[in-house]
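For reference, the structure discussed in these notes is given below.
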Amino acid sequence: MEELDIEFTRSLRTSAEAYFKLGFNLTGIKDYKKAPYHKWKEFLQRRQKEGEALNHEWYTLTGIGAITGINSLFCLDFDECDQSNIARFLQMLGLPMDYNWVVISGSGKGFHIWFSSFQLENERTKLGGGVVVYQPKEAGLLKQIELRINQHVVLPPSKSQTGQYRFLNPNDLTMRPIELNYDADALGTTID
């Protein structure tokens, strides 16, 4: 039986409270997986109440996740992309090199860039939720980039079977991700 890690549990709960205050809809994750252990689809369309977001047996969790698209919060998911390329994509998006909403995946083989976008929020129904996939023009750079719309995404400090999610740059979770004024088509053109 795995020993209870009080510091990790405390960090997870504290992080979840901060994410919630920033407008994130949250999920709980167990057994080092990426998917929520509970029903969560109803929170694709509405803001959670605090009790819905934070009512977990925290000592049983190995992670937390967020539901994209709520409160104009979105995520670009870069699959099989070397971390040395992060600066390139931050520059393409007009984000600072020390942007604190870049998340390194548990495996270290991908990363997420979180941002807010009222324009995408307004497009969400037209896009039908789910994922918009952008294929790279440059061979070998990465597998693909996914714009995560109404999806579940793992957040730091979650632990997965392949490692722990973490921020690339320090993030005290007191400021929301930066607003980007792109629609889905313009976003795809920008990151190609």
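Here are the numbers for this structure:
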{"item": "Gain in span if fully extended, Leu141 to Glu179, counting 0.36 nm per residue against the direct Cα distance", "result": "11.1 nm"}
{"item": "Net length gained if the chain between Ala35 and Asp5 were fully extended (0.36 nm per residue, minus Cα distance)", "result": "8.7 nm"}
{"item": "Under-5 Å amide H pairs with Ser158, H placed in peptide plane, nonlocal only", "result": "Ile64, Tyr165"}
{"item": "Full-extension gain in nm, Thr189 to Glu57, via 0.36 nm per residue minus C-alpha separation", "result": "43.2 nm"}
{"item": "In order through the stretch 34-48: 3J(HN,Hα) via Karplus (6.51 cos²θ - 1.76 cosθ + 1.60), integer Hz, x for Gly, Pro", "result": "9, 9, x, 8, 10, 5, 9, 4, 4, 8, 6, 10, 8, 6, 5"}
{"item": "Where GluC sites (Glu not before Pro) fall in DSSP loop in the stretch 7-89, at most 16 other Cβ within 10 Å", "result": "Glu57, Glu80"}
{"item": "For the stretch 97-110, 3J(HN,Hα) per residue [Karplus equation, 6.51 cos²θ - 1.76 cosθ + 1.60, θ = phi - 60°, Hz, x = Gly/Pro]", "result": "5, 9, 3, 9, 10, 9, 10, 8, 5, x, 7, x, 9, x"}
{"item": "Anisotropy class of the stretch 84-192 from Cα gyration tensor, a/c 1.5 cut", "result": "rounded"}
{"item": "Residue-by-residue Karplus 3J(HN,Hα) for the stretch 133-141, coefficients 6.51, -1.76, 1.60, Hz, glycine and proline x", "result": "9, 10, 8, x, 7, 8, 4, x, 6"}
{"item": "Asn122 versus Asp172: modelled label distance in nm, points set 7 Å from Cα along the beta carbon direction", "result": "3.4"}
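Where a number appears in this text, it was derived from the coordinates with a stated rule and is not lab data. Since this is a predicted model, take the numbers as computed values, not measurements. No Cβ is skipped: glycine too gets one built from the backbone with ideal geometry, and neighbour counts run over all protein chains shown.
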